[in-house]
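To start, the structure itself, in structure tokens.
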Amino acid sequence: MSNANQEAVIEVSQLTVSFPGCDALRGVDLQVPRGTVFALLGENGAGKTTLIRALTGFLHPNSGSCRVLGLDPTVEALEIRRRVGYVADAPALYDWMRVGEIGWFTSSFYEAGFLDRYREGISRYGVPEDRKIRHLSKGQRAKVALALAVAHDPELLILDEPTSGLDPLVRREFLESMLDRVATGRTVLLSSHQIAEVERVADSVAILHAGKFQIIESLASLRDSVTEVTVSLDDPLVQLPLPDSPAIVMSDRAEGRQRQMVMRGFNSEAADQWRGRPGVAGVTVRSATLDEVFAACVRGNGNASDE
Amino acid sequence: MNNRLMIQRLWWKELRQLLPMLILLPTIAFLLTALYLLNDNSNQFNWSAGVAVFLGMPGLFAVGAGALLVGQEKEMRTIQWLASLPIRPQTIVRIKTAAAVVGLAILWVISGLYFLWRDRYDTPMTDIGQFSVWPTNSFFVLFAGIAIAWRIKSALVALLLVVPIAMVPYVLALVLHAMMAADEYYYTDPSPGTVIAMQVIGCLVALFLVDRFGRAALSPERVRLGLPFLANATNRERNGRAAPASYGVIQSPLPALIWQFAMQSRALLIGTSIMLLVAAAMLLMRYASRANSVIPFDIFLCYLATSWLGASVFQSDSAHQRIRFLADRGLSPRLIWLTRQIVPITVIAAIAIATLLLASLVGPAGLKASPGLGTMGMLAIASLFVVFSFSQWAGQVITSPIVSMVVAPLVSIIPFTAYSFSVVTLGSPLGLISIAAFLPFLATFLSTRRWMDRRFGKRYWFTQGGYAAIVILMPTFPHFMALAFEPGMSRQVRKQIETVVANPNNVLRMPVELVLDKDVENERPFVSFVRTWNNQIDSVRSQFRATSAPIGISSQGPILKILAINLMAGMSLQQSDSAVSDEHLDLFRRSMELLSDMVVRMRTSPQVVDQDFADSIEIAMVRQMRRTETRAALGEERYKLVAARLADTQARRDARVRSVALSWYNYDSQSKFSRVPPSQFGGYDLQGGGDGLSWKNGKGLAHRRVARRAENLWRMADFSGDEVPKEWLLEVASDWGIVSTYYGLGSGGIYYRVDSVDDSIAVAKKGSNAIANQWYAGWEKQARELLYPSN
């Protein structure tokens, strides 16, 4: 679980959101500490965007509660949106405006300094100011949306697939800027499919699957506790006993004579036990990558469940 | 690839896209017609209005189909995706066009069925010719709209351009007709045949353009190389050496949002402003020249432009979900609502007020001098804002931009039909109507937040439905409140009345009018005058013998003239000339007898108005009978007979009771079988009254209020005490909207309610508008004293 000692900018408790024929969020709990980059991972349809929409007040939950910067989104959504920088996965921009124009227009809703910071961001991203938005590429539109979202220096930045469409250089630059923001005490909630990027910048991750969190943990702790275990077998039919508690199998895949498992809480004693079993040629243990953890949470085939 | 399946699927997709319009337009048209039919359906105006709706419905579809099928798809880029599929471009173009034709044909079939159902469509050849231009014009508009939609990038601009292009065939027909009829002295409209011919040619041209523009739009895009100096500018941009653009001082939110709306909607604002200005110019010219137009195109243009401006209030930001940009930044919904409304309202108000000022200050003489220009002008402006009010509501509720632009004009007619029903039929106060008509502004104001957040769940739709119900039903509240809480006739009184009506002696037989001989108009010298009036009395007496029906007072002439003769004859009794006196004496006697007999017959009338007039005559007779010379003039026997009749309070009472009962029975019977409540009770007009309801329609409430009036009259008629309570008199006065002075109340009352025949100035008058005001007044006591001096 996240570090409960740090003040939480986002607190979610038993949040449930249901649509006809589908439970998008099923009683989820979450705390996002201040001054961190918190990554929200999940496959398509897991409920990430639904959670973000509930946090920003675009959706009212069926039950449960959430607070963003100490405010209730069902009651004070406007205030939240004024203090938060939000970039949706398909940002809506006035395509008839020019790049500079939209910054000038938006600056009227924020404090002084917005326009300068926006121009700085646009310049850094290399987007021409006098071009119409409808003539921008998808990546350029994303840059404009990002620049608009950070220009008012929000306490909390909520980004839904922010780097989608960005070239690798800009992506790296953007991620570095996220770290800079966090260093000054700001918080970033990042929803992304780019696991490699998340690994580079995130302090904590939460993996959402079928409306429930499978994992909410700091990245460091996750690296320490989740391992990828590869067992080489003499015979594919060799049975392996389940490891003793507290080890949990998150995923288990057999490929010929090899069984690859992602396990939580797997220790060296358990590995030795397996090595000693007849039919086991070898056991390799290494830290699981976030990619593997994500796949294990989503695909399952184990008894992985941890919040 | 199954070609047939592909074409089937394409058809399905196109018709599915048209479905919202195909459902909404007829639904609203039928709703409007139902509202029209709530009014008296024999009214020719209501029938014409229904025709207009069902002619206009396919027309609106024709205007919007191109924008919906082509323009909207181009904006959403789904047309690109469609073009990326292995389908020939001409197949896409043809199926879209064919689907639009099918949609239009369906709507014309619905309209045709409506006309057949109404069965009042009189079809002389000229009318058929006039109406036949509508279908052909609608097909021309359809093809032209599709062609424009393929050509023009913006769906909204394409929609705007359809309106002026729709007039092209008619204008060409006008030009052709003008060329051919150049020698004719009188201007005539082009014949329907000419117009239709131009429309058919227009259809063929438009179809050719549809094919051409459609294929061009679906072909690969050609890259255009810019001019050298522009290319340099582009290179500078690319190299990051372009100077940063300057947009001026940073605005505060309000002007920034107004700027954003105006810039975003400038095509629509310019287009609709042009429409309004053209309409204003045409209106000014038409009214100045007093010309009548079969098709009031200027009013239609004005109404369409206003409706589109209204729909654009919210649709401008709904397109491409643009409003989310502002929603994401937590902008105040109130501010958003205000800044969306300001610009369109300003455009309408400015042009309308300028037109009115122009007409009144510098307009053509005929127009400046028009009576009621100011009032009509203000009404017209108010109507425009009602259209705007409902259109902006439709623009928020209907999520598709093109569908809302097409449907909004039809939606904005609903308040006019609903409220005219409320005013005319239910007597709703105009103040309440005014509030209801502008409630849509409140509805959109309260719903802006959900609209911005795109939260269109059940709660949103229920809320909008609730607003709609309030807006339409609010003007009816006073009517239904009155119906629920106002007392009618009590059961006890109803039974009493039924008992009287059931009496076989109380027959509902309408009174007969007496007539005078024409010779009465030629007044000859004094002696012949007496003979003439004696002959007249004989004539009236023979009319009496000819019928046993009651006598009524539908005309002032005969009875008043006989009364006047009686009064004159009475005055001449004082003359000293004995020869003249004998003739006058005879005339006096005969006229007194006749009047007495007439009163007896009038008392059998089932109408209350005849009882009141009989009272007036008896008051005059009592005044005569109290004069000292009258007894001698009449002779003892005749005097006692007349006095006995005058003193018979019971007979008067019975007659009044019977008249109230039969008057109510008559009203109640007529009310059951008539769609419109009767306009009279007991011979008295039911217009006006203290309760402020229009008596022309509104059967339910009118019936209840008349019942209450009848009960109050019954109570008075059945009175048997010494003095009628003042509260009863006040109630009757209030019921009928009559000044209480006529009932002897207040200063000067003694001159109108005859408590003493020596004081009053009450004059027998036809249809005296003070119903029952002489009932049981003091004159009846004086009448009794003629026979029983001690009473």
So which trypsin sites (Lys or Arg not before Pro) in segment B:618-663 end up in coil per DSSP with only 14 or fewer other C-beta atoms within 10 Å? B:Arg627
With +1 on each Lys and Arg Cβ and -1 on each Asp and Glu Cβ, and nothing else charged, work out how big the dipole of segment A:130-245 is about its Cα centre, in Debye to the nearest 20. 920 debye
Counting only other chains, what is the mean number of Cβ atoms within 10 angstrom of the Cβ of each residue in peptide A:102-108? 6
Per residue, accessible area of the protein assembly as shown with a 1.4 Å probe, heavy atoms of protein chains only, in Å², comes to 46 Å²
Radius 11 Å from Cβ of A:Arg181, net charge of other residues (Lys, Arg +1; Asp, Glu -1): -3
Accessible area lost on pairing A with B, both sides, 1.4 Å probe, Å² to nearest 100? 3300 Å²
Residue-ordered couplings for segment B:96-104, obtained by feeding phi - 60° into the Karplus form 6.51 cos²θ - 1.76 cosθ + 1.60 and rounding to whole Hz (Gly and Pro as x), are 4, 5, 5, 5, 5, 4, 4, x, 5
Dimensions in Å of chain A - Rg and Dmax from alpha carbons: 22.1, 73
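Determine the shielding of peptide A:50-56 by partner chains: average, over its residues, the number of Cβ atoms on other chains within 10 angstrom of each Cβ.
Partner-chain Cβ atoms within 10 Å, mean over residues of A:50-56: 1.
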Anything losing 50 Å² or more of accessible area from the isolated chain to the full protein assembly: pick those residues out of segment B:308-329, probe 1.4 Å, ligands and DNA/RNA ignored. B:Arg322, B:Arg324, B:Phe325, B:Asp328, B:Arg329
Inter-label distance, nm, simple model (7 Å from Cα along the C-beta direction), B:Leu113/B:Leu82: 2.8 nm
Take the alpha-carbon centre of segment A:192-258, take the same for segment B:292-353, and report the distance between them in whole Å. 57 Å
Looks like segment A:99-176, by Cα gyration tensor root eigenvalues a ≥ b ≥ c and the a/c under 1.5 rounded cutoff (else prolate when a/b is bigger than b/c, oblate otherwise), is oblate
Would you mind counting up the charge near A:His60? Only other residues with Cβ under 14 Å from its Cβ, with Lys and Arg at +1 and Asp and Glu at -1. +4
Carbon and sulfur: what percent of segment B:585-645's accessible surface (1.4 Å probe)? 52 percent
What is the protein assembly as shown by shape, rounded, prolate or oblate, if you read a ≥ b ≥ c off the alpha carbon gyration tensor as root eigenvalues and call it rounded for a/c under 1.5, prolate for a/b larger than b/c, and oblate otherwise? prolate
Bounding extents of segment B:254-476 in its principal axis frame from Cα atoms, largest first in Å, are 56, 43, 28
D for segment B:373-488, whole µm²/s, Stokes-Einstein with Kirkwood Rh over alpha-carbon pairs at 25 °C and 0.890 mPa s: what number? 159 µm²/s
Roughly speaking, what is the centre-to-centre gap between segment A:120-183 and segment A:84-98 when only Cα atoms are used, to the nearest Å? 11 Å
In debye, nearest 20: dipole of the protein assembly as shown around its Cα centre with unit charges on the Cβ of K, R (+) and D, E (-)? 1880 debye
Relative contact order, percent, segment B:254-476 [alpha-carbon distance under 8 Å, six or more residues apart]: 25 percent
Could you work out how far apart the two model spin labels at B:Thr375 and B:Val102 are, taking each label as a point 7 Å from the Cα in the direction of the beta carbon, and quote it in nm? 5.4 nm
I'd like the Karplus ³J(HN,Hα) series for segment A:288-299: coefficients 6.51, -1.76, 1.60, θ = phi - 60°, whole numbers in Hz, and an x wherever there's a Gly or Pro. 6, 6, 4, 4, 5, 4, 4, 4, 5, 5, 7, 7
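The values are calculated or read from the model by the stated rules, or taken from the named source; none is laboratory data. Treat the numbers as computed from the prediction; the structure is a model and nothing was measured. We place every Cβ from the backbone using ideal geometry, glycine too, and count neighbours over all the protein chains shown. Please note that ligands, DNA and RNA were not included when accessible areas were found on the heavy atoms of the full protein model with its side chains. Shrake-Rupley method; radii C 1.70, N 1.55, O 1.52, S 1.80 Å.
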